[in-house]
Amino acid sequence: GPIIVLEALVAAHMPQVTLIQGFDSATQLFSLRQKLDGDKNLNAAFEAWERGEEQPYEHCSISLLEATDYCPEVKADPQRKTPRIFELRTYHSPTWRQLAALHERFAGSEIKIFDRSGVHPILYTSTLIGQQMPNLTYLIPFDNLTHREKAWAAFGADPEWVKVRKESIDKHGQISSVMQMSLWRATPYSPIK
């Protein structure tokens, strides 16, 4: 599946690297894990890295995310040479019912408003195993920070967005209680830049 490797520009903990790896199934994920665990050369290199003079990392977190029904297919662009800026947003909903309403809003009007505003997420997911559930997490590439600022300003000023948001709150209450946002840059070795 798709592989995205990002290094934090603005995040809760820095330095930080995030790997997003796509799988068709949990079985495929666990099969890869077994292959990696059985690779003696890889294990020896990892053990040597961890025994080095400096601790190589402070912690490792793993989450299992599920792509939404409205998530586009994530594809690498082999022509792209320069890494983009990626914004990672996670919206935490108070209840599963409100998360379903958040997905409904995103799958409907919100994506159309995103498109005309210049916000083009490449990934929409919900956490199956991980922290701060229930949530909706999505990843948006931008050519640069100026492009990001212009796109979000256009989105926030869109009259349909103001209407859609109000209707959503009137019907379901505040469906997103906490929003986490971080900025990342694709690493030079990331297949998706």
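The values are calculated or read from the model by the stated rules, or taken from the named source; none is laboratory data. Worth saying up front: this structure is predicted, and the values here are computed from it rather than measured. No Cβ is skipped: glycine too gets one built from the backbone with ideal geometry, and neighbour counts run over all protein chains shown. Side chains are part of the model used for accessible areas, which takes the heavy atoms of the whole protein and leaves out ligands, DNA and RNA. Shrake-Rupley method; radii C 1.70, N 1.55, O 1.52, S 1.80 Å.
Give, in nm to one decimal, the length gained when the segment between Ala107 and Lys75 is fully stretched (0.36 nm per residue of separation minus the Cα-Cα distance).
Numbers: separation 32, 0.36 × 32 = 11.52 nm, distance 2.00 nm.
Using 0.36 nm per residue and subtracting the Cα-Cα distance, I get 9.5 nm.
Using the 1.4 Å probe convention, the accessible area of the stretch 1-105 works out to 74 Å² per residue with neighbouring protein chains retained. Applying the criteria of a DSSP loop state and at most 11 other Cβ atoms within 10 Å to the chymotrypsin sites (Phe, Trp or Tyr not before Pro) of the stretch 26-95 yields Tyr57.
Within the stretch 24-68, which GluC sites (Glu not before Pro) sit in a loop by DSSP and count at most 13 neighbouring Cβ atoms inside 10 Å?
On the way: sites: Glu47, Glu50, Glu53, Glu54, Glu58, Glu66; in loops: Glu53, Glu54, Glu58.
The qualifying sites are Glu53, Glu54, Glu58.
Measuring how big the chain is from its alpha-carbon positions, Rg and Dmax come out at 18.5, 58 Å.
Do the sum for the chain: with -39,500 (n - 2.57) for every DSSP H run of n ≥ 4, divided by all residues, what is the mean residue ellipticity at 222 nm, to the nearest 500 deg cm²/dmol?
Numbers: 6 runs with 67 residues, N = 193.
Only helices count here, giving -10500 deg cm²/dmol.
Here the Debye sum runs over all C-alpha atoms of the stretch 128-193 as equal scatterers in vacuum, and log10 of I(q)/I(0) at q = 0.14, 0.17, 0.22 Å⁻¹ comes out as -0.67, -0.92, -1.15. All alpha carbon pair distances within the stretch 80-151 were sorted into 10 Å bins beginning at 0; the resulting P(r) in whole percents reads 19, 45, 29, 7, 0.
In the neighborhood of Asp77, defined by Cβ-to-Cβ distances under 15 Å, what is the net charge if each Lys or Arg adds +1 and each Asp or Glu adds -1? Before the final figure, lay out each step's value.
Values: positive: Lys75, Arg80, Lys81, Arg84, Lys193; negative: Glu73, Asp143.
Counting the neighbours of Asp77, the net charge comes to +3.
Oblate is the label for the stretch 1-67. Its Cα gyration tensor axes, ordered a ≥ b ≥ c, give a/c of at least 1.5 and b/c at or above a/b.
Positive end of the dipole of the stretch 1-129 (Cβ unit charges, origin at the Cα centre): among Ser63, Phe114, Leu32, the Cα lying farthest that way belongs to Phe114.
Split the accessible area of the chain by element, probe 1.4 Å, and carbon with sulfur accounts for 55%.
By how many nm would the segment from His59 to Gln28 lengthen if fully extended, with 0.36 nm per residue of separation less the alpha-carbon distance? Show your work: numbers first, answer last.
On the way: separation 31, 0.36 × 31 = 11.16 nm, distance 2.47 nm.
The His59-Gln28 span can extend by a further 8.7 nm.
Counting only protein chain heavy atoms and rolling a 1.4 Å probe, the accessible areas of Trp96, Trp184, Trp161 rank, largest first, as Trp96, Trp161, Trp184.
Charged side chains reduced to their Cβ positions (Lys and Arg at +1, Asp and Glu at -1) give the stretch 78-130 a dipole of some 200 debye around its Cα centre. Between the residues Ala157, Pro134, Leu145, the greatest Cα displacement towards the positive end of the dipole of the stretch 74-193, with unit charges on the Cβ of Lys, Arg, Asp and Glu, is found for Leu145.
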